[in-house]
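What follows is a single structure, and I will ask about it in a moment.
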Amino acid sequence: MVNFGTLGLLLLLLPAAVESQRTNTGVTALDDDVALAQANLGEAELRRGEEGGQDAPKHFEAAERALNEALSLVPASPRAIHALSSVYMRTGRTEAAAELLRKGVVANPSSARLHAKLGYVFRYAGMMDPSITEYRTSQRLDARFENRIAAERQIIKALIYSGHYDEAFESYASILEWLKELGRAPDEKVQFYQGLGRLYAGNIDHAVRLFDASIATVPDSLWSSFAKAYKYGALGETQKLRDLADELARGNVSDGERRYRLAHLNAMAGRFSKALGHLEASAQSGFFNYPYTKRDRLLEDIEPSSDFDRVLRFIENRHRRFVEQNE
């Protein structure tokens with residue numbers, strides 16, 4: 001546990017000592033210590049920002065300052081690169097996250113964590129095949145069950161978004177085998193996403209069973225709440241769906257991919273204007289997976305309009321620019 005009172009004092013006192021040593025020797029043995037302290041501070045501020053609330057932007061700004069300071073001292077720090085990329089993603093700057101991470105994996109080619117984070121960014125931008133490649137690289141670099149499971153959970157999303165449902169179900173089976181080796185059961189998030197895949201595949205009864213399993217596992221989490229909402233949508237329980245969608249919108253739906261879920265829920269509830277608003281907010285928040293959006297049948301009930309065309313063009317243009325920069 002980091003003592004942030006002591007850390008704050010350390011950060012106040014160290015710069016003068018660092019500069020003194022740098023003046024005398026040209027290098028400093030304290031750079032790593034200061035960088036570590038700044039990375040600790042940046043990660044703490046990031047976590048506070050991710051909790052949501054009106055002060056979240058201030059925490060993200062503080063995290064960014066601390067992490068940039070860490071990287072000014074140790075430019076290849078995998079820890080600081082990973083955390084700063086998370087700040088960028090939480091604040092809608094997917095392009096900046098990709099640029100940072102691509103440099104990061106060049107400097108740290110054996111970092112499973114950075115390859116996985118780059119896979120995450122690529123999925124948000126609609127580059128599903130490169131996303132899967134980065135996650136597979138992460139699994140190869142770190143073959144422990146925990147990392148294999150974490151990466152496979154993310155690969156499932158890319159496969160669902162690409163319409164490769166059978167492959168997603170195979171990935172789910174792999175996760176179940178690995179969890180069995182660890183003596184653990186699937187959590188509510190992986191059950192939710194598997195239910196989503198079944199819903200897209202048209203297996204409504206199977207999807208509902210998986211949503212119910214997610215709800216039973218952890219009844220009051222964000223992901224079991226999404227499971228409950230998609231279940232209402234699948235079963236045509238419109239008023240329950242609307243009430244829950246409004247409740248979720250008031251909560252900490254803090255990134256673009258989660259906000260995209262709200263576009264789904266409102267579209268299934270027949271509230272197309274709200275669905276379009278969440279779709280636009282999702283894209284502005286950094287989730288512009290155009291190949292997925294243009295074929296997403298859970299959004300197909302949104303009535304064609306000039307506003308819908310405008311939002312779709314924004315998603316397409318941001319996606320295409322990203323691809324040009326990252327091919």
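Each reported figure results from applying straightforward, stated rules to the coordinates on display, with no laboratory input. Predicted model only: the values in this text are computed from it and were never measured. For neighbour counting, all protein chains shown are included, and Cβ atoms are generated from backbone atoms with ideal geometry for every residue, glycine included.
If you plug each phi of the stretch 112-129 into the Karplus form 6.51 cos²θ - 1.76 cosθ + 1.60 with θ = phi - 60°, what whole-Hz ³J(HN,Hα) values come out, in order, with x for Gly and Pro?
Whole-Hz 3J(HN,Hα) from phi for the stretch 112-129: 4, 5, 6, 4, 5, 5, 5, x, 4, 5, 4, 5, 4, 8, x, 9, 5, 4.
Straight-line reach from Lys274: which lysines have a Cα under 19 Å away, not including same-chain ones fewer than 8 places off?
List returned: Lys240, Lys294.
Additional query: Looking only at Cα atoms, what is the convex hull volume of the stretch 236-326 per residue, in Å³?
Working: hull volume 7.3 nm³, N = 91.
Residue-normalised Cα hull volume stands at 81 Å³.
At a threshold of 8 angstrom on Cα-Cα distance, excluding pairs fewer than six apart, so keeping six or more, what relative contact order does the chain reach in percent?
Result for the chain is 12 percent.
Here's a follow-up. Specify the residue with the greatest mean-square fluctuation among Ala150, Ala63, Ala267, computed from a Gaussian network of the chain linking alpha-carbon atoms under 10 Å apart.
Ala150
Please build a GNM for the chain, connecting alpha carbons under 10 Å apart, and tell me which residue among His278, His264, His164 fluctuates the most.
His164
For the stretch 300-327 and the stretch 163-211, compute the distance between their C-alpha centroids and round to whole Å.
Between the Cα centre of the stretch 300-327 and that of the stretch 163-211, the gap is 29 Å.
Additional query: Working from the alpha-carbon coordinates of the chain, get Rg over Rh, Rh being the Kirkwood radius.
My calculation of the ratio gives 1.01.
Considering Cα pairs under 8 angstrom that are at least six residues apart, work out the relative contact order of the stretch 33-91 and quote it in whole percent.
Value for the stretch 33-91: 39 percent.
Can you compute log10 of I(q)/I(0) for the stretch 33-91 with the Debye formula, treating each Cα as one identical point scatterer, at q = 0.18, 0.20, 0.24, 0.30 Å⁻¹?
-0.48, -0.59, -0.81, -1.17
Charges only on Cβ, +1 for Lys and Arg, -1 for Asp and Glu: so what's the dipole of the stretch 33-91 about the Cα centre, in debye to the nearest 20? The partial results should precede the final answer.
Numbers: 6 positive and 9 negative charges, 19 e Å.
Charge dipole of the stretch 33-91: 100 debye, to the nearest 20.
Further question: Just the ratio, please: alpha-carbon radius of gyration of the stretch 120-248 over 2.2 N^0.38 Å, N its number of residues.
It is 1.08.
Can you figure out the FRET efficiency of Leu235 with Glu177, using R₀ = 25 Å and their beta-carbon distance, to the nearest 0.05? Write out the running numbers ahead of the final one.
Details: r = 31 Å, r/R0 = 1.23.
After rounding to 0.05, the efficiency reads 0.20.
Now, a different point. When only alpha-carbon atoms are used, what values of Rg and Dmax, in angstrom, describe the stretch 41-176?
Values for the stretch 41-176 (Cα only, Rg and Dmax): 15.5, 47 Å.
Now a separate question. State the extension gain, in nm to one decimal, for the chain segment bounded by Ala185 and Ser306, taking 0.36 nm per residue of separation less the distance between their alpha-carbons.
On the way: separation 121, 0.36 × 121 = 43.56 nm, distance 4.65 nm.
Full-extension gain reported as 38.9 nm.
Pop out the ³J(HN,Hα) list for the stretch 89-94 in order, Karplus 6.51 cos²θ - 1.76 cosθ + 1.60 with θ = phi - 60°, rounded to Hz; leave Gly and Pro as x.
Residue by residue, the stretch 89-94 yields 5, 5, 10, x, 9, 4 Hz.
Evaluate the charge dipole of the chain about its Cα centre and quote only its size in Debye, nearest 20, assuming +1 on the Cβ of each Lys and Arg and -1 on the Cβ of each Asp and Glu. If you can, show how the numbers build up before the last one.
On the way: 42 positive and 45 negative charges, 52 e Å.
Around 240 debye, computed over the chain.
Let me ask something else about it. Give the lysines reachable from Lys103 as a straight Cα distance under 26 Å; neighbours fewer than 8 places away on the same chain don't count.
Once the sequence-local lysines are set aside, what remains near Lys103 is Lys117, Lys157.
Also: Which cross-chain or sequence-distant (5 or more) residues have an amide H under 5 Å from the amide H of Asn108, H modelled 1.01 Å from N in plane?
Sorted by chain and number, the residues that satisfy this come to none at all.
Charges on Cβ only, +1 for Lys and Arg, -1 for Asp and Glu, centred on the Cα centroid of the chain; of Gly197, Leu262, Tyr124, which one is farthest towards the dipole's positive end?
Gly197
Pop out the ³J(HN,Hα) list for the stretch 295-312 in order, Karplus 6.51 cos²θ - 1.76 cosθ + 1.60 with θ = phi - 60°, rounded to Hz; leave Gly and Pro as x.
For the stretch 295-312, the Karplus-derived couplings read 10, 7, 6, 6, 10, 5, 7, 5, 5, x, 7, 5, 5, 5, 4, 4, 5, 5 Hz, x marking Gly and Pro.
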